[in-house]
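What follows is a short report on a single structure.
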Amino acid sequence: MSRGRLKVQVYAGGELVPPLQVFDAVSQNTVQMGHAAAHYWAGKVPAAQFMSAMPFGMTAKGMNAWLYLGGGLELWRELYKPFNLIPFPAGNTGVQMGGWFNKKIETVDDLKGLKMRLPGLGAKVLAKAGVTPILLAGGEIYTALERGTIDATEWAAPFHDKRFGLHRVAKYYYYPGWHEPGTVLELIINRQAWADLPEDLQKIIEVAARSINQWIYAEFEALNIKALREIKAQGRVEVLPFPSEVLKELKRLTVETLDEKAAKEASFKKVYEAYKKFQADHAAWNAISDNAYSKALQP
Ligand code: CA
């Protein structure tokens, strides 16, 4: 797009800095741009989690509407400003899967004592249900599950999960991904590096990020179909829904978790309220658009 004026050299996680240090590296201008997901930075910016995935939150459709046109991106920029970072939405996973388990989950009690890899607020919610959440970068998950360091894990959806080989080390694949119904990936740029760019190159980055945002979402949707088919065909993994009683309890614990965090932290409360309002308004529209249409499609 820039006819060679803007060169982006891409490094995989761990090549230049460890995957969970992307935020710091871009913040300190060690690297000028990074690609990650905001919920990894929950320890530094608790409200950033609203910018990636909320348990029982909005799907990709709602997140895009909120971020681009509903005030979400402005709030996100405000949150990252003290860290010299400018964020852009740059990818969406769509509705994720609930995760890989080696134990059947039939009641809420079955969650107690499980060591599960899970980031963000979903981890806080599961902790209330008795799970010990563990944060591991993607590349460490397979070995941890294989060796039994963890009993369960989530990653994303069939397309990416299968690449990690998780279907070879777990028995049950649960759905839906209540904890990540439409995870937004982020492009973060150091403020100084951004300021050094001429206006047209800034525009190119903005447009490229929007294009990637759409492309990754389409890629997940298209390639999940094939990957799930292959996982099922292997015949080793059972694909199961979480029982509705379990989902109901997780939903209750989600509201409890979010209310508690909002009571403790002003910026979390501010973003929570904006998010909740948009989600409620969007749900009313969704009820007579996507949801009504899905019902109409049922036999
Ligand atoms: Ca995930």
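Quick one: in segment 115-160, what % of C-alpha pairs are over 14 Å apart?
In whole percent, the long-distance tail amounts to 45.
Based on the Kirkwood radius over alpha-carbon pairs, what value in µm²/s does the Stokes-Einstein equation return for the translational diffusion coefficient of segment 209-299 at 37 °C and 0.692 mPa s?
Translational D for this selection: 190 µm²/s.
Debye calculation, C-alpha points only, no solvent: report log10 I(q)/I(0) for the chain at q = 0.10 Å⁻¹, in the same order as the q values.
Summing over Cα pairs of the chain leads to -0.56.
Could you state the per residue volume, in Å³, of the convex hull enclosing the Cα atoms of segment 83-212?
Expressed per residue, the convex hull around the Cα atoms of segment 83-212 is 114 Å³.
In the structure shown, do any of Lys112/Lys171; Lys103/Lys270; Lys104/Lys264; Lys61/Lys103 have a Cα-Cα gap over 28 Å, and if so which?
Going by Cα-Cα distance, Lys103/Lys270; Lys104/Lys264; Lys61/Lys103 fall outside the 28 Å limit.
Counting GluC sites (Glu not before Pro) as exposed when in a DSSP loop with at most 12 other beta carbons within 10 Å, what is the longest stretch of the chain free of them?
Formally, the longest exposed-site-free interval is 107-299.
For segment 1-94, compute Rh as the Kirkwood radius over C-alpha pairs and then the Stokes-Einstein diffusion coefficient at 20 °C and 1.002 mPa s; write the answer in µm²/s, rounded to an integer.
D = 148 µm²/s.
On the accessible surface of the chain, probed at 1.4 Å, how many percent belong to carbon and sulfur atoms?
Carbon and sulfur: 55 percent of the exposed surface of the chain.
At 0.692 mPa s and 37 °C, plugging the Kirkwood radius over alpha-carbon pairs of segment 65-132 into Stokes-Einstein gives what diffusion coefficient in µm²/s?
219
Quick one: work out the % antiparallel among DSSP beta bridges in the chain, nearest 5.
Antiparallel bridges make up about 60 percent of those DSSP assigns within the chain.
Straight-line reach from Lys128: which aspartates and glutamates fall under 14 Å, measuring Cα to Cα and dropping same-chain residues less than 8 apart?
Asp109, Asp110, Glu249, Glu256, Asp259, Glu260
Calculate one ³J(HN,Hα) per residue across segment 11-27 by plugging θ = phi - 60° into the Karplus curve 6.51 cos²θ - 1.76 cosθ + 1.60, and present them in order as whole Hz with x for glycine and proline.
10, 6, x, x, 6, 10, 9, x, x, 7, 10, 4, 4, 5, 4, 6, 4
What is the set of long-range amide H partners of Ala157 at a cut-off below 5 Å, with H atoms built 1.01 Å from backbone N?
Met97
Probe of 1.4 angstrom, ligands and nucleic acids ignored: what's the accessible area per residue over the chain, in square angstrom?
With all protein chains present, the chain gives 50 Å² per residue.
The values are calculated or read from the model by the stated rules, or taken from the named source; none is laboratory data. Since we're looking at a predicted model, the values are computed, not measured. Methodologically, a virtual Cβ is constructed for each residue, glycine included, from the backbone with ideal geometry; neighbour enumeration extends over all protein chains shown. Ligands, DNA and RNA are excluded from the accessible area calculation, which covers all protein heavy atoms including side chains. Shrake-Rupley method; radii C 1.70, N 1.55, O 1.52, S 1.80 Å.
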